[in-house]
Structure formats: C-alpha cells, structure tokens
Amino acid sequence: MGRVVLVTGVARDLGSRLARRLVVTPGVDKVVGLDVSPPSGDMHGIKFVRADIRTPVVGKVLAVEDVDTVVHMNVAPPQRQLGSRSAVKEINVIGTMQLLAACQNSRTVERLVVQSSTAVYGTSARNPAMFTEQMAARSGIAVGFPKDAVDVEAYVRGFGRRRPDVAVSTFRLGNVLAADVLSPFSEYLKLPVLPAMLGYDPRLQFLHPYDALNVLALAATGDVTGAFNVVGPGVLTLSQMGRRLGRPLLRLPSVGFNGVTERMVRLMSSDFTPELSRLFMYGRVVDGSKLERELGYEVLYSTPQTLDAFAEAIEPGVLSALGGARG
C-alpha cells in the first residue's frame, strides 16, 4: 500500500508543482491538494479539496482521505496575490496551528514534512559567515515573515514532542529563484537597474525549484527527520549578480533605498518587504551539507548556476548588450 499525501498550499506555485510531482512518484497512491482556491495548470490525478487551512475542516479531510503523509507548503512571505500582511500571517501561523491540531488528533498521519525558510536565521550585522541547522538568529526576530517562520517551527517542534510516533522533518529553503516563479526577489532581479544600498555588498544564495521539489518529494516518500537547510552551493555578492545579469546597480543611501525599491518592484505587480531590505544590507549564507549527509541528496544547481538559468530566461540586461562580463 502506497502513501496517501496531503499537500497544503496547493494553489501556490511550489505547492502545485510538488503535488504534480508526487502523482508520478513511486510509492504514492493518492495525492490530495488543499487550498482556498483551485491551482492553475493541469492537476490530473490530484484530488483537490477547497478548504481554508485556518478552519477545523482540515481534520475532516485527514480522516476522510486516510492521509498518512502531510506536506505543509502553506508558509510563504507576503505577496500582493496572497492578500494583506495580516491575512498572510494568519495563514502562516494560525493555519499551521490548525493543521498541527488536526495531525495531533489523527489516527492515520505518520509523517509531517514542513516547508520553512532560511529566514528563521534572521539578518543582522552579527550574522556568522555561515549558519548551520543548530544555530539561531543572532538578533531578535520580532516582526514580518521571519517571525512567522520562527513561530511555525516552534509549533512544529512542540507537535513533535506531543506525537513522537510521527516522523517530522523541516526544510529551510533558500531564496527559490526562477523566471516562472513569482516572488519579490525574482521581480527585483528583473528590474533594468538594481537598487543597492550604498556601502553594502551582501552575500546571497539561491535555490533552483527543481532541487526544492526533489528534496520535498524525497522527504514525503522517504524516512528522514530533523531540520535541513536547502540551498544551492556557492555564494554570490549583489555586485556579482548585477554583472552576471547585465544590470547596473543603482547605489542609494539606506534612507532612500526602501522607498525607491518598493516603488520599482510594485510596477511589476509584486512587493518588496521590509525584511528584504535587511537582506540587501547584510546578506545571509547557510550551510547545506547536512542535506547530502543525512538525506543523501546532492543539490544539482549551484547558486551561480541558478542565477545563470534565471538570466537566460529573462530579458537581457543593458550591460549584456554592451558585452558585460560575468564574475
């Protein structure tokens, strides 16, 4: 008997892609997708349930469908398409609490896989050169999506203590980057000129969606527990990114950076959140080696390769036409 997998957040980009991947994954008999609106694209083979994760109905879905594996893909940073910041926070935090309550009362759930974010490590001038899974943020995280991610992981750990019979794994994804994945980061990098803070050149990492989906599918069908960083090997500074994309950097003082960047990104129907502005000051780098050691998965796309694939799929930058060099 194969697994019966529930994927939350199936209307979102990664959630719908993962559901489609699991349908053709050996060892999976049925995939149930849950969200408040139906996903776009072909969902052949996926049973879609229209439901709000913040309501007790999720418990009924677990029972009716005999779900044994839950993949929680409904934790995401604010985007205009998802509603207001308060609405997104409710989905992230209250939705997770409701889902965990349903899992705790379920007699069938054996495995819980949670999509988290490297945002749990925060961003500050006190950041180490590289975060490992055992480290915590070096400064307090009080607001925004990083606080949501920290709260979600705390609730997940509490669930693991209450239900030690359920295998729990948490995957802290880096900045997922692809031309067809909508995010404030991808919209920022499509700008003809990249606003940058004067005096800062942050170190950043990216994750190709192909690797993100591979890891989550392995976790849903495998036997792994614990927290894992998931990022593309290698690091790029913002200035290196500008050169590889053929886009000049517009150096701005910190007092004007947020306003200019937010207006430019909003023209592309996306958002630039306050926590991203801190990332563009101090950057963030994490160690992803535990993933290969314990899960046995070697990330296929490095950070430079992910950025180069992104560059090939978008409009060339003005410097590319002038023969701008990569570096």
Practice task
Of all residues in region 179-237, count the ones that are more than 25 Å from G27 (Cα to Cα), assigned to a strand (DSSP E or B) and open to solvent by 10 Å² or more (accessible area, probe 1.4 Å).
Solution key: 2
Handout entry: Residues (farther than 23 Å from G41 by Cα and either among the aliphatic types (A, V, I, L, M) or out of contact with any strand residue (DSSP E or B) (no Cβ under 9 Å at 6 or more places or on another chain) (or both)) located in region 180-199
Key = L189, K190, L191, P192, V193, L194, A196, M197, L198
Practice task
Sort out which residues of region 239-254 are more than 21 Å from D180 (Cα to Cα) and either open to solvent by less than 30 Å² (accessible area, probe 1.4 Å) or assigned to a loop (DSSP other than H, G, I, E, B) (or both), and write them in order of number.
Solution key: S239, P248, L252, P253
Handout entry: Residue tally, condition without any contact (Cβ under 8 Å) to a residue 40 or more places away in the chain and loosely packed, with under 14 Cβ neighbours inside 10 Å, over region 118-138
Key = 4
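Select from region 255-278 the residues that are more than 21 Å from P192 (Cβ to Cβ) and crowded, with 17+ Cβ neighbours inside 10 Å and write down the one among them that is modelled with the highest pLDDT. Reasoning before the result, please.
So the first thing to find is which residues in region 255-278 are more than 21 Å from P192 (Cβ to Cβ), and the list is 255, 273-275, 278.
With crowded, with 17+ Cβ neighbours inside 10 Å added as a condition, the list becomes 273, 275, 278.
Working: T273: 68, E275: 72, R278: 84.
Among them, the one singled out is R278.
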Fill in the blank from the handout: Selection from region 88-116 of residues closer than 30 Å to V235 by Cβ and at pLDDT below 95 yields V88, N92
Problem - Test: residue in region 168-175 that is over 22 Å from Y121 (Cα atoms) and either free of Cβ contacts under 8 Å to residues at least 12 places away in the same chain or open to solvent by 20 Å² or more (accessible area, probe 1.4 Å) (or both) - result: no
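The values are calculated or read from the model by the stated rules, or taken from the named source; none is laboratory data. Since this is a predicted model, take the numbers as computed values, not measurements. Glycine gets a Cβ as well: all are built from the backbone with ideal geometry, and neighbour counts include every protein chain shown. Quick note on the areas: whole protein, heavy atoms, side chains included, nothing else; ligands and nucleic acids left out. Shrake-Rupley method; radii C 1.70, N 1.55, O 1.52, S 1.80 Å.
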